[in-house]
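Values quoted throughout were computed directly from the atomic coordinates according to the rules given, and no laboratory measurement underlies them. Just so it is clear, the model here is predicted, and its values are computed rather than measured. So basically every Cβ, Gly included, is an ideal-geometry build from the backbone, and we count neighbours across all protein chains shown.
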Amino acid sequence: MSDPLGAGRVRALLLDIEGTTTPVDFVTRVLFPYAREHVRDFLIRRARELALLLSEHEADRRAGQSPPPWRGGSPAEALDSAVAYVHWLMGRDRKSTALKALQGRIWEEGYQAGQLRGQVYPDVPRAFARWRAQGREVAIFSSGSVLAQKLLFSRSEAGDLTPWIRACFDTTTGAKGDAESYRHIADALGQSPEAVLFLSDVAAELDAARSAGMTTALCLRTGPPPPSPGHTVVRGFDEVLP
């Protein structure tokens, strides 16, 4: 009998967030606007983050990326420059580790203040419970920081889901399009790549994971599948190792 999702060998599931566990709209219409709106107030209180942004701005400028100019003649000018640069990075959806870390700390304050609540698809909590009852582990791999991931799942509208999650990984592990990142994750989980099933809505990420030896599935919550998806297509977690 065909076993495309590796039911007989998979010991761990590795999950993307945006479009896989969580609606894209929550990220694009709630989290990103919240970070954009609150970045100025946050940076006023965090000199260290200003210094990190300046360092990254210099690296972008030297690389010919043409970021907005950084004017540091006064603290107010430096703050204005930092805010403009963050908005520039966000407008390009840069997978910058520094940007993601900054966003995570801004969101942390929002979650703690009760202004943010994490959103997950309804099938996520029951899938987490089912997979763990089967003896399988659950891990997360997202371009968002580990802090942002833990906040989303610990303060979700479905309650605290972190007890079901073995580990979270972000771009400090490596790029999501790099096969080596998935080898590192499998090793960190104490599993061979073949024993890990990776679910994402991004085919390029799935290609990298498969190159590392993982089993893969394209999680397509909405819309028609691509003509040649190249990966097993699932419409939700209820279809995954039931």
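Determine ³J(HN,Hα), in whole Hz, for all residues of segment 90-98 in sequence, where each value follows from phi through the Karplus function 6.51 cos²θ - 1.76 cosθ + 1.60 and θ = phi - 60°; x replaces Gly and Pro.
Result, ordered by residue: 5, x, 9, 6, 5, 8, 7, 4, 5 Hz.
Pairing the Cα long axis of helix 32-44 with the longest principal axis of the chain, what angle in degrees results, from 0 to 90 and rounded to the nearest 10?
Helix 32-44 and the main axis of the chain meet at about 40 degrees.
Most fluctuating residue of S181, S228, S154 in a GNM of the chain with Cα springs under 10 Å: which is it?
Among S181, S228, S154, the largest GNM mean-square fluctuation belongs to S228.
Quick one: check the C-alpha center-to-center distance for segment 51-118 versus segment 162-214, whole angstrom.
27
Can you classify the chain as rounded, prolate or oblate using the Cα gyration tensor, where a ≥ b ≥ c are the square roots of its eigenvalues, rounded means a/c under 1.5, and otherwise it's prolate if a/b beats b/c and oblate if not? Please report the intermediate quantities before stating the final value.
Numbers: a/c = 2.27, a/b = 1.78, b/c = 1.27.
Here the chain falls in the prolate category.
Of all beta bridges DSSP finds with both residues in the chain, what is the antiparallel percent, to the nearest 5?
Antiparallel: roughly 5 percent of the beta bridges in the chain.
Between beta-carbons, use under 15 Å as the cut-off and find the net charge around F141, counting Lys and Arg +1, Asp and Glu -1.
In short, -3.
Sum -39500 (n - 2.57) across every DSSP H segment of at least 4 residues in the chain, then divide by the residue count to get the 222 nm mean residue ellipticity, nearest 500.
Computed ellipticity for the chain at 222 nm equals -13000 deg cm²/dmol.
Could you give the size of the charge dipole of the chain about its Cα centre, using +1 on the Cβ of each K and R and -1 on the Cβ of each D and E, expressed in debye and rounded to the nearest 20?
Its charge dipole is roughly 260 debye.
Could you calculate the contour length gain from A175 to E37, that is, 0.36 nm times the residue separation minus the distance between their Cα atoms, to one decimal place in nm?
46.9 nm
How much net charge surrounds H231 when only other residues with a Cβ under 11 Å from its Cβ are counted (Lys, Arg +1; Asp, Glu -1)?
After counting each charged neighbour, the total is -2.
Quick one: net charge around L102, please, counting Lys, Arg +1 and Asp, Glu -1 for every other residue with C-beta under 9 Å from its C-beta.
Cβ neighbours under 9 Å give a net charge of +2.
If you build a Gaussian network model of the chain, linking Cα atoms that sit under 10 Å apart, which residue out of L43, L13, L152 swings the most?
Of the options given, L43 has the highest mean-square fluctuation.
Does anything in segment 6-31 have its amide N under 15 Å from the 7 Å Cα→Cβ label point of D207, and if so which residues?
What the label zone holds, given the 15 Å backbone N cut-off, is no residue at all.
I need the shape label for segment 27-112. Rule: rounded when a/c is under 1.5, else prolate if a/b > b/c, else oblate, with a, b, c from the alpha carbon gyration tensor.
In terms of gyration-tensor shape, oblate.
For the pair E58 and W88, how long in nm is the line joining their label points, each one 7 Å along Cα→Cβ?
1.5
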